[in-house]
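> The following block contains the structure, expressed as structure tokens.
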Amino acid sequence: MTFKYALRFFIHLCTGPHNLAGLYESMGDYDRALPLYLRSLDIKEKVLGAEHPAVATSLNNLAGLYESTGDTDRALPLYQRSIDILEKVLGSEHPSTITVKENMNKLVLKLK
């Protein structure tokens, strides 16, 4: 298997479930979105490693789903893990890091 083919295969494995999860989430079908987000996250962690920005993106989206369902106990640590990865890899001033921090801060303010 060539690297180019392997990369295409990986992209297909991750983006398909991730995009479908986003669609289900936007429709309010959280029960169908959750396993797809989890599958995408699992693949990304195994292939890219636990500290890759794509993993952080999946964690942020999964946290948003949990937040939408009212499961803040699961959402908060996922937001924090995403922030930790992004700060380490991209820096604290990177737009992606700032976005996840804003997402987490909005949730924290809701809880007060």
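> Taking Thr72 and the conditions (1) modelled with pLDDT of 95 or more; (2) farther than 18 Å from Lys110 by Cβ, which numbered condition does it fall short on, given that it satisfies the others?
The single condition Thr72 does not satisfy is (2).
> Of the numbered conditions (1) exposed (fewer than 15 other Cβ atoms within 10 Å of the Cβ); (2) touching a Pro at 6+ places or on another chain (Cβ under 7 Å), Lys46 satisfies every one except a single condition; which is it?
(2)
> Continuing with this model, one more query. Scan segment 59-98 for residues that are among the aromatic types (Phe, Trp, Tyr) and under 21 Å from Met27 (Cβ atoms) and jot them down. Don't jump to the end; show me each part of the working.
Step one: list which residues in segment 59-98 are among the aromatic types (Phe, Trp, Tyr), which gives 66, 79.
Tyr66 - this is the single residue of segment 59-98 that is among the aromatic types (Phe, Trp, Tyr) and under 21 Å from Met27 (Cβ atoms).
> Name the pairs: first residue in segment 92-112 and closer than 14 Å to Leu78 by Cβ, second residue surrounded by fewer than 17 Cβ atoms within 10 Å (Cβ to Cβ) and not hydroxyl-bearing (Ser, Thr, Tyr), Cβ to Cβ under 8 Å, at least 6 apart or on different chains?
Met104/Gln80
The values are calculated or read from the model by the stated rules, or taken from the named source; none is laboratory data. This one's a predicted model, so the numbers in the text were calculated from it and none came from an experiment. In this analysis, Cβ positions are derived from the backbone assuming ideal geometry, glycine residues included, and neighbour counts consider all displayed protein chains.
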